[in-house]
Amino acid sequence: MKRNLEILANQKFDVLVVGGGIHGAITAWDAALRGVSVALIERGDFGSGTSQNGLRIIHGGLQYLESGNLSRIRMMARERTTWMKMAPHLIHPLTCLVPTTRQPSRSRLAMRFALLANDVLSYDRNQLADPEKNLSDGMIVSPGELKRILPGYDVSNSTGAAVWYDAQIYNSERLLLEFILSAAQSGAEVANYVEAISFLQEHNRIVGVRAKDFQTGEIFDIQAKLVINCAGAWMDCLLDKAGIRSEYVTSVAMNVIVNQIWSDVAVGLTSQSVNGKPPQPLFIVPWRNKSMIGTCHIPWRDAPQTFKLKEGMVQEFLDQINSSSPPLKLFMEDVRHVTWGFLPVKKVDAYKEPVRLARDSVVIDHQKKDGVLGLISVLGVQYTTARRVAEHAMDLAVKQLGIKTKKCQTQMMQVRGGKIEDFRAFLRKALLKAPRVINERSTHHLVYTYGSEYYNLVECMLSQPELARRIDPLMPVTLGEVEHAVQHEMALTLADVIHRRTELGSMGLPPTATLQKCASLISREFQWSSEHQQREIDRVAQTYPF
Ligand SMILES: Cc1cc2nc3c(=O)[nH]c(=O)nc-3n(C[C@H](O)[C@H](O)[C@H](O)COP(=O)(O)OP(=O)(O)OC[C@H]3O[C@@H](n4cnc5c(N)ncnc54)[C@H](O)[C@@H]3O)c2cc1C
């Protein structure tokens, strides 16, 4: 994948997608698969907005049962299956559990009914050929069983637990990148570090954007018959430039990563009321031998870029977590990493507490709503539903363009790396035929990360065995992956490599030696001076606030 701004500046596209989060990435892939000429620009790196910071759950929609939104559950259950088909190497089943209590809405009977409804609404979930992707029916377990599953959990107030199955993204940053790579492979022109700074307008029609390349500072125009605004939390900043007022603002949501509390099972708990705030639902999710805990909502009414995460906010979240009786009390020093991003809130709800998030993703037709032609906005509320939302956006785009194209293809395709019919069998085979230079842990890691494309990296390592060496002894990431990121995946900065091409930065700030090794490897490609390398290292350090 090559960054080619000359093509962006000189070609007229049918569709220009602004924003390389999950919604933009899948929209570009969808467009390219339909045969529409499409470009995508992202002002930072792909996924560097909210999409790299989620809890990484592909929800089947059980949480919508309480509101009786059955069609939403059905849609999400279908999407969950589609995700596992699109990216079998990056999305795997996840066992989830919530303790039952004597409270009527959380009783064994109520939860038994909820699980049954969930199973019925996802009746076709096991249609995939891959046995690893089968999700069993939900079940109710006894207090004794709960004690066994959650060692250290105080079961005295529980009557047992409800267990069901969802899916988890092994690496959401790479998943997003695979959509970008797949879009590019299917003909999309994509570039990171390019910002849409204003619209090109002819009367009431948008005909492209004026863009800024952050690499050179150069300003240039990109012409397109239609612009799809996938700018996430910054959607309204962009709409402002077309004189359109948005109905949404954003609120902040945060997860913390701590040492593993419980392995193999994601646990839903409820906090007590803390500092006068009402009890909050919490989800403690096992992730790469650690626990990720979410989601804390922080009301924020100003521009997203003015938000600064403060230690007090994290401490307050830890107080909430501690009030839910985990087996160990958590302190600030237990926090390995904090990830946060923005979620949309309707302006009318902006001053309500607790935070009332927008519940549904929306594709906004500005022709209908504001009389502005050539512009569609995508307001996405979940990673899980992003493929479906992108499909709607592209259906509308094709209609407005008045062109004949193929129907949406994304629900039946695999992303790059996804050509795997049986994940366990594929992994076994990869481990068996792994060359001697690559050890078992690295092979395992390569298959989970690159799926069917893992062999490209193996081949590089066979021709240059030093690339099979690990960068950090505690992480499975190899030198070859850093080189691959820079040469083939449009990584332009050290942060791109640390945060979004490899998992080196996912468990907190990597050791200085790791950052130096990476920076020096990248320098071979970009000829960075030692001062430049140090600036890149400092920039990565700044992305960890505590
Ligand atoms: C803490 C947290 C936990 C979550 N957990 C889950 C979960 O478990 N499951 C789930 O399904 N969902 C979850 N979500 C929701 C999900 O992560 C988001 O809905 C989704 O990532 C939003 O994607 P997006 O593409 O709309 O936005 P973003 O990822 O923010 O992408 C928008 C992009 O547009 C770019 N941009 C903005 N302006 C411009 C411009 N002018 N020019 C060029 N580019 C521009 C930005 O840089 C950004 O990268 C969670 C969210 C948070 C915050």
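The values are calculated or read from the model by the stated rules, or taken from the named source; none is laboratory data. Since this is a predicted model, take the numbers as computed values, not measurements. Note: ideal-geometry Cβ built from the backbone for every residue, glycine included; neighbour counts use all protein chains shown. With ligands, DNA and RNA removed, areas are computed over all heavy atoms of the protein, side chains included. Shrake-Rupley method; radii C 1.70, N 1.55, O 1.52, S 1.80 Å.
Take every pair of alpha-carbon atoms less than 8 Å apart whose residues are at least six positions apart; their mean separation over the length of the stretch 277-396 yields a relative contact order of 16 percent. Peptides 227-233, 447-453, 116-122 ranked from most to least packed by the mean count of surrounding Cβ atoms within 10 Å: 227-233, 447-453, 116-122.
For the listed residue pairs Lys85/Lys368; Lys406/Lys429; Lys347/Lys368, the alpha carbons are over 28 angstrom apart in Lys85/Lys368; Lys406/Lys429. So what is the diffusion coefficient of the stretch 234-389 in µm² per second by Stokes-Einstein at 10 °C and 1.306 mPa s, using a Kirkwood Rh over Cα pairs? Stokes-Einstein gives a translational diffusion coefficient of 92 µm²/s. By the rule of a C-alpha distance below 24 Å, with chain neighbours fewer than 8 residues away ignored, the lysines paired with Lys2 are Lys12, Lys212, Lys225, Lys419. Of the accessible area of the chain, with the probe set at 1.4 angstrom, what percent is carbon plus sulfur? C and S atoms contribute 50 percent here. In this simple spin-label approximation, Asp360 and Tyr455 carry label points 7 Å from Cα along the Cα→Cβ vector, and these lie 4.6 nm apart. Placing dummy labels 7 Å off each Cα toward the beta-carbon, the span from Met413 to Leu462 is 2.9 nm.
The helix-only estimate of mean residue ellipticity at 222 nm for the chain, built from DSSP H runs of length n ≥ 4 each weighted as -39500 (n - 2.57), is -10000 deg cm²/dmol after division by the residue total. Per residue, the convex hull spanned by the Cα atoms of the stretch 488-546 measures out at 73 cubic angstrom.
Applying a 10 Å radius around every beta-carbon, put 97-108, 414-425 in order of their mean neighbour count, most first. Could the numbers behind the result be given before it?
On the way: 97-108: 16.2, 414-425: 18.1.
Output ranking for 97-108, 414-425: 414-425, 97-108.
Could you tell me whether the stretch 311-444 comes out rounded, prolate or oblate from its Cα gyration tensor? Rule is a ≥ b ≥ c as square roots of the eigenvalues, rounded for a/c under 1.5, then prolate if a/b exceeds b/c, otherwise oblate. Taking the square roots of the gyration eigenvalues as a ≥ b ≥ c, the stretch 311-444 is oblate. Sorting the segments 303-309, 404-410 by their mean number of nearby beta carbons within 10 angstrom, highest to lowest, gives 404-410, 303-309. Using only the C-alpha atoms, the convex hull of the stretch 105-262 corresponds to 236 Å³ per residue. With the Kirkwood sum run over all distinct C-alpha pairs, the stretch 424-476 has a hydrodynamic radius of 11.1 Å. Quick one: if the Förster radius is 30 Å, what FRET efficiency do Val381 and Lys310 give, using the C-beta to C-beta distance and rounding to 0.05? For R0 = 30 Å, the calculated efficiency reads 0.75.
Between the beta carbons of Asn157 and Val437, assuming R0 = 51 Å, the FRET efficiency works out to 0.40 to the nearest 0.05. In summary, the aspartates and glutamates within cross-link reach of Lys399, defined as a Cα separation below 13 angstrom excluding same-chain residues under 8 places away, comprise Asp14, Asp365, Glu391.
For the stretch 391-539, rounded, prolate or oblate, judged on the Cα gyration tensor with a ≥ b ≥ c (square roots of eigenvalues), a/c < 1.5 rounded, else prolate if a/b > b/c? Oblate is the answer for the stretch 391-539, as a/c is 1.5 or above yet b/c matches or exceeds a/b. One chain, two ends: Asn69 and Lys347. Fully extended at 0.36 nm per residue, the span grows by 97.8 nm beyond their Cα-Cα distance. Average accessible surface for the chain: 43 Å² per residue, computed with a 1.4 Å probe over protein heavy atoms with every protein chain in place. Taking a straight line from the alpha carbon of Lys310, these lysines sit under 24 Å away, with near neighbours fewer than eight places off in the same chain left out: Lys277, Lys290, Lys329, Lys352.
Solvent-accessible surface of protein heavy atoms, probed at 1.4 angstrom with all chains present, puts Tyr123, Tyr170 in the order Tyr123, Tyr170, largest first. Simple spin-label estimate for Cys237 and Met139 gives 5.0 nm between the two label positions (7 Å along the Cα-to-Cβ direction from each Cα). When a/c is below 1.5 the answer is rounded, else prolate if a/b is larger than b/c, else oblate, so apply that to the chain with a ≥ b ≥ c taken from the square roots of the Cα gyration tensor eigenvalues. Rounded is the answer for the chain, as its axis ratio a/c remains below 1.5. On full extension, the segment bounded by Ala425 and Lys2 gains 148.9 nm, given 0.36 nm per residue less the C-alpha separation.
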